[in-house]
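To keep things clear, I will list the structure first and then write my remarks on it.
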Amino acid sequence: MVKVIIGLGSNLGNRRQNIQQGLKHLTEAGVKIIKISSYLKNPAAEGTAGGKFLNAAVLAETDLEPEPLLTLLHDIEKDSGRPQPHQPKEARILDLDIIYYADRIIDKPDLQIPHPRRLQRRFVMKPAAEAAPDFCDPVLKKPLKDVVRPFQGR
């Protein structure tokens, strides 16, 4: 089992319920949830359609390799009603992203770990650091509690 951080978000319908359903599906698929962050409300970013987002992050353990984990996340999104493949700037019933996968660094066309835009997104880093403050960013070589400091107060 490896530790992973998964980001969750929703900006359509009952956002909290959508995220909770996503968590339920992760658990049913054998992903062990260790800690869930609090929910963070924020405006849709980067020109994304729809209303305000509700975001969270989880520290979890899985025996899935990165690619099968990504497939699982996409299947859960699809089951929630999110169109596949994803369209840029679409509103999201449920958005699930691998933010970190242990200390792995992966750079493939269809999978980048750590998430490539994590450091520009308060709505990713603040919940991730809350769920796993001592988790070490493999690129920066710093615990998330230190990585998130520039986002405090924003």
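The values are calculated or read from the model by the stated rules, or taken from the named source; none is laboratory data. Predicted model, so just to flag it, every value in this text is computed and none were measured. Note that each Cβ is placed from the backbone with ideal geometry, even for glycine, and that neighbours are counted across all protein chains shown.
Summary of values
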| item | result |
| --- | --- |
| Single unsatisfied condition, P83 versus (1) at pLDDT 95 or above; (2) of a type outside the set (S, T, Y); (3) more than 16 Å from the chain's Cα centre (by Cα) | (1) |
| Some residue of the range 85-94 being crowded, with 16+ Cβ neighbours inside 10 Å and of a type in the set (K, R) | yes |
| Inter-residue pairs, beta-carbon under 7 Å, first within 22 Å of G50 (Cα to Cα) and modelled with pLDDT of 95 or more and in the range 5-30, second of a type in the set (S, T, Y) and in a loop (DSSP other than H, G, I, E, B), 6+ apart | R16/Y39 |
| Given (1) within 14 Å of the chain's Cα centre (by Cα); (2) closer than 28 Å to D146 by Cβ; (3) not hydroxyl-bearing (S, T, Y), index of the condition K32 fails | (1) |
| Verdict on L70 being assigned to a loop (DSSP other than H, G, I, E, B), crowded, with 16+ Cβ neighbours inside 10 Å and at pLDDT 95 or above | no |
| Every residue from the range 20-35 that is outside any strand (DSSP E or B) and surrounded by 14 or more Cβ atoms within 10 Å (Cβ to Cβ) | Q20, Q21, G22, L23, H25, L26, A29, V31 |
| Single residue of the range 98-154 satisfying the filter (surrounded by 12 or more Cβ atoms within 10 Å (Cβ to Cβ) and of a type in the set (G, A, S)) that is nearest to the chain's Cα centre (by Cα) | A128 |
| Contacts under 6 angstrom Cβ, first residue in the range 36-61 being part of a strand (DSSP E or B) and of a type in the set (D, E), partner at pLDDT 95 or above and surrounded by fewer than 20 Cβ atoms within 10 Å (Cβ to Cβ), 6 or more apart | E61/M1; E61/K3; E61/K32 |
